[in-house]
Amino acid sequence: MSTTPQPTPHAPALEVLPRDLSAYRQGNVGVDYVHRFESGRPGPHVLINALTHGNEICGMAAATHLLDTGVRPLVGTLTVSFANVAAYESFDIEKPYESRQLVHNMNRIWSAEWLDGAEHSPELQRAREMRAVVDAADHILDIHSTSQDVVPFWVYPGHARNGKVAQALGLPPVHLLMPQGLGSGTPLIQYGRHGDDGPGPGVALVVECGQHFSHAASTLATAVTLDFLAHFGLVEPRPGRAPAGPQRRFELLQTHMVHTPEFRFARPLVGFETFAKDELIATDGDERRIVSPCDDCTVFMPTREPIVGREAVYLTRPI
């Protein structure tokens, strides 16, 4: 796709569009779209994962940058994966948000209940194919983006090992901690040992890089990927990389789902708006009300289009 369409009332400015990934299909670990490179020297195994959601283009940009420029680990092992390629390939320029998933949210099914269960979908099939890939990784960076144009941020389980690395990297400077989990399923970064708050060394982070189709999100995704690899010694640090500056941290308090087609926010939200304790945030049908659990409650990722059964909004407090 070589032209950039003009934005319409129903679509964002599409600065970065999907590209053909067929050249990357043949991996080297027996799983399509998974590429592994071993240095032959002791060191950690780092997984860079893109396209957990099919319309989050910045991860594709970062992963293809690693493969196209021939990045190889100085120590340890580097694995680069494209997760939900089937959803990615369903992209429709007239409906750019709808390629997020085909059936299941691939970032909510990383539990034994789902992976060992009897249900089937393209996302479950792909997660089962990738299970051993994720099992093998010591450290994981899962690259995401947001539907709204908000400041980029980290998301991670509230384990000290995750926070230590995210704060050391510094970019982006906003952190969303999940002390009790996500509340709407099990994301990839909480699968297996990465979900345990034990002494193990494994770090697993999501980076939300900005609006799905923006150049800035793809640029940030590539920079964060290289910084993550450099932190663990797999590549040299980026030239001119700025030191970490002031950082803001938020704790996830509540995850709210959409229960009815009548879901409505009390006022327009894009993310990072604040509410006073007991202030109305949304209504969901005649009887369900979402109110702020505390003063300075900050909303993350309010849904752009309410869909029954999907997340409506995350409520946090500043730490």
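The values are calculated or read from the model by the stated rules, or taken from the named source; none is laboratory data. Just so it is clear, the model here is predicted, and its values are computed rather than measured. So basically every Cβ, Gly included, is an ideal-geometry build from the backbone, and we count neighbours across all protein chains shown.
Go through 101, 167 for me and flag whichever is out of contact with any helix residue (DSSP H, G or I) (no Cβ under 9 Å at 6 or more places or on another chain), assigned by TED's automatic domain parsing to the domain that holds residue 210 and touching a residue at least 24 places away in the same chain (Cβ under 8 Å).
Values: 101 fails: out of contact with any helix residue (DSSP H, G or I) (no Cβ under 9 Å at 6 or more places or on another chain).
So the residue among 101, 167 that is out of contact with any helix residue (DSSP H, G or I) (no Cβ under 9 Å at 6 or more places or on another chain), assigned by TED's automatic domain parsing to the domain that holds residue 210 and touching a residue at least 24 places away in the same chain (Cβ under 8 Å) is 167.
Condition first: in contact with a strand residue (DSSP E or B) (Cβ under 8 Å, 6 or more places away or on another chain) and either at pLDDT below 95 or of a type in the set (Lys, Arg) (or both). Now tell me which residues in region 1-22 satisfy that. Even if it seems obvious, please write down each step before you answer.
Pass one, region 1-22, residues in contact with a strand residue (DSSP E or B) (Cβ under 8 Å, 6 or more places away or on another chain): 5, 12, 21.
Residues satisfying the conditions are 5, 12.
Select from region 277-305 the residues that are within 28 Å of residue 209 (Cβ to Cβ) and modelled with pLDDT under 95 and list them in ascending order.
304, 305
Among what's in region 275-318 and is hydrophobic (A, V, I, L, M, F, W, C) and touching a Lys or Arg at 6+ places or on another chain (Cβ under 7 Å), pick the residue that is nearest to residue 178 (Cα to Cα). Spell out how you get there, then give the answer.
Just the residues of region 275-318 that are hydrophobic (A, V, I, L, M, F, W, C), to begin with: 275-276, 280-282, 290-291, 294, 297, 299-301, 307-308, 312-313, 315.
So of that shortlist, the ones also touching a Lys or Arg at 6+ places or on another chain (Cβ under 7 Å) come out as 280, 282, 294, 297.
Details: 280: 23, 282: 22, 294: 17, 297: 15 Å.
Applying the filter and picking the extreme gives 297.
Could you say which residue among 36, 25 is exposed (fewer than 12 other Cβ atoms within 10 Å of the Cβ) and either at pLDDT 95 or above or touching a strand residue (DSSP E or B) at 6+ places or on another chain (Cβ under 7 Å) (or both)? First the steps, then the outcome.
Details: 36 fails: exposed (fewer than 12 other Cβ atoms within 10 Å of the Cβ).
Step by step, each of 36, 25 is checked, and only 25 is exposed (fewer than 12 other Cβ atoms within 10 Å of the Cβ) and either at pLDDT 95 or above or touching a strand residue (DSSP E or B) at 6+ places or on another chain (Cβ under 7 Å) (or both).
Of all residues in region 197-221, which are under 12 Å from the mean Cα position of the chain (by Cα) and part of a loop (DSSP other than H, G, I, E, B)?
212
Is it the case, given these coordinates, that residue 262 is more than 30 Å from residue 78 (Cβ to Cβ), loosely packed, with under 15 Cβ neighbours inside 10 Å and out of contact with any Asp or Glu (no Cβ under 6 Å at 6 or more places or on another chain)? Before the answer, list the steps.
On the way: more than 30 Å from residue 78 (Cβ to Cβ): yes; loosely packed, with under 15 Cβ neighbours inside 10 Å: yes; out of contact with any Asp or Glu (no Cβ under 6 Å at 6 or more places or on another chain): yes.
So residue 262 fits the description; yes.
Do you know which of the residues in region 167-196 that are under 14 Å from the mean Cα position of the chain (by Cα) and assigned to a helix (DSSP H, G or I) is surrounded by the most Cβ atoms within 10 Å (Cβ to Cβ)?
Per the stated criteria, the residue is 189.
Which one of these does residue 64 not meet: (1) modelled with pLDDT of 95 or more; (2) of a type in the set (Val, Ile, Thr); (3) not in a helix (DSSP H, G or I)?
(3)
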